[in-house]
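Novice: Next up is a structure, given as structure tokens.
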Amino acid sequence: MPPLRKRGYEVHAVLSADLHQRSACEQLAGAEIHHSDLLDPAAVDRLLVAVRPTHLLHFAWIATPRLYWMSAENFSWFAASLHLVRAFHKNGGIRAVMAGSCAEYDWSRVDVCREDSSPLANSVGSGATPYAVCKLALQNMLASYSSHEGLSIGWGRIFSPFGPYEHPDRLVPSVVQNLLLNQEAPCSHGRQVRNFLHVADVGHAFAALLDSTLQGPVNIGTTERVSIAALVDRIAKRIGRTDLVRLGARAPSANEPAILVPDVRLLYDEVGWRPGFTLEEGLTDTILWWREALARGTASNRLPT
């Protein structure tokens with residue numbers, strides 16, 4: 001919430017109707033909380049009539065590790081998100097920014113991803129997953145809606161976020177937790193090159209994008225590139241357990257690209273944003289959070305992703 005509040009926004013946060021986690025309330029301090037089912041069009045209509053927001057920042061989607069790529073829920077979120085934007089516009093909304101994904105790029109044909117020229121995962125025949133197809137279809141649909149109806153819409157393509165409250169099965173928290181618990185940390189070969197961004201900086205980047213007038217896709221990342229092996233080594237050295245890292249213990253995911261990094265010139269030059277965390281600082285912050293969460297026994301009390 002701080003990035004939005006700092007920019008002068010009155011913030012209304014929407015959580016699912018059955019979500020009352022303490023961690024969510026802690027992260028959303030200063031916002032007015034609404035509990036609603038965004039997959040229910042009638043509930044969305046009631047919410048937007050009541051709030052009548054001028055700006056919309058939309059992150060909700062299925063993102064459960066190992067499930068979200070192929071889940072049929074992607075189609076439900078495509079339809080719900082389209083309805084949300086139209087209802088937002090109908091009730092006086094003037095600018096929406098949606099959370100996209102690096103999965104929208106065709107990983108078999110790109111390494112450095114550029115918004116205006118890189119091949120996209122726009123066909124099932126190309127090996128694109130329902131997650132990628134639905135995200136990209138929504139972006140295309142909203143681009144047409146924006147052109148036809150005059151609503152300003154930005155689309156942030158997130159690359160590799162990490163930080164507090166992350167799902168424990170993802171790369172960084174799985175390595176951190178294993179090493180903090182003095183357990184082996186099994187990884188793939190680690191030669192994959194990626195771009196990692198602390199979750200707080202992801203939030204600040206989206207706040208800056210929302211506050212801009214830039215429309216269409218914008219990569220959300222940094223200029224720094226690092227191999228997964230090097231990233232894991234940095235984590236292990238900070239914890240002091242390099243002996244527990246097991247590179248090559250897991251097979252890499254099918255169709256995983258060797259290099260997947262963003263061109264961030266639009267984000268840096270047009271939006272005017274720069275990260276607040278270096279990778280080193282972000283890892284230090286993340287390790288500290290997980291160390292404290294494990295000590296409190298609250299490591300599973302994370303925000304939904």
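Please treat every number below as a calculation from the coordinates, not as lab data. The shown structure was predicted, so the numbers you read here are calculated from the model rather than taken from an experiment. FYI the Cβ positions are ideal-geometry reconstructions off the backbone, even for glycines, and counts take in every protein chain you see.
Novice: How much length would be gained if the chain were fully extended between residue 181 and residue 117, taking 0.36 nm per residue of separation minus their Cα-Cα distance, in nm to one decimal?
Specialist: Full-extension gain reported as 18.6 nm.
Novice: Given a Förster distance of 45 Å, report the FRET efficiency between residue 242 and residue 49 from their Cβ-Cβ distance, rounded to the nearest 0.05. Please report the intermediate quantities before stating the final value.
Specialist: Values: r = 56 Å, r/R0 = 1.25.
Calculated value: 0.20.
Novice: Using θ = phi - 60° and the Karplus curve 6.51 cos²θ - 1.76 cosθ + 1.60, what whole-Hz ³J(HN,Hα) does each residue of the range 136-153 get, with Gly and Pro shown as x?
Specialist: 5, 4, 5, 4, 5, 4, 6, 5, 5, 4, 4, 5, 7, 9, x, 7, 6, 9
Novice: In what order do 155, 77 fall by count of nearby beta-carbon atoms within 10 Å, going from fewest to most? Intermediate values should be presented prior to the final figure.
Specialist: Details: 155 26, 77 22.
In order of increasing Cβ crowding within 10 Å: 77, 155.
Novice: Follow-up question, since we're still on this one. Mind jotting down a quarter of the surface of the convex hull over the alpha carbons of the chain, in square nanometres, one decimal?
Specialist: Taking the Cα atoms of the chain, their convex hull projects to 15.1 nm² on average.
Novice: What does the C-alpha gyration tensor say about the overall shape of the range 236-305? Classify as rounded when a/c is under 1.5, otherwise prolate if a/b is larger than b/c, or oblate. Don't skip to the end; give the middle numbers.
Specialist: Details: a/c = 1.88, a/b = 1.27, b/c = 1.48.
Verdict is oblate for the range 236-305.
Novice: Continuing with this model, one more query. With θ set to phi - 60°, apply the Karplus curve 6.51 cos²θ - 1.76 cosθ + 1.60 along the range 277-292 and write out the HN-Hα couplings as whole Hz, x wherever there is a Gly or Pro.
Specialist: 9, 6, 4, 4, 5, x, 5, 4, 4, 5, 4, 4, 5, 5, 4, 5
Novice: When a footprinting reagent is the concern and you count Cβ atoms within 10 Å, what order do 169, 40, 285 take, fewest first? Mind dumping the intermediate values first?
Specialist: Details: 169 11, 40 14, 285 17.
Ranked by crowding around the Cβ, least crowded first: 169, 40, 285.
Novice: Can I ask one more? Taking other Cβ within 10 Å of each residue's Cβ, how do 220, 259, 235 sort, fewest first?
Specialist: Listing 220, 259, 235 from fewest to most nearby Cβ atoms yields 259, 235, 220.
Novice: In whole Hz, what ³J(HN,Hα) sequence does the range 98-110 give by Karplus (6.51, -1.76, 1.60; θ = phi - 60°), x for Gly and Pro?
Specialist: Once θ is set to phi - 60°, the couplings for the range 98-110 become 10, 8, x, 8, 5, 5, 6, 7, 7, 5, 6, 10, 9 Hz.
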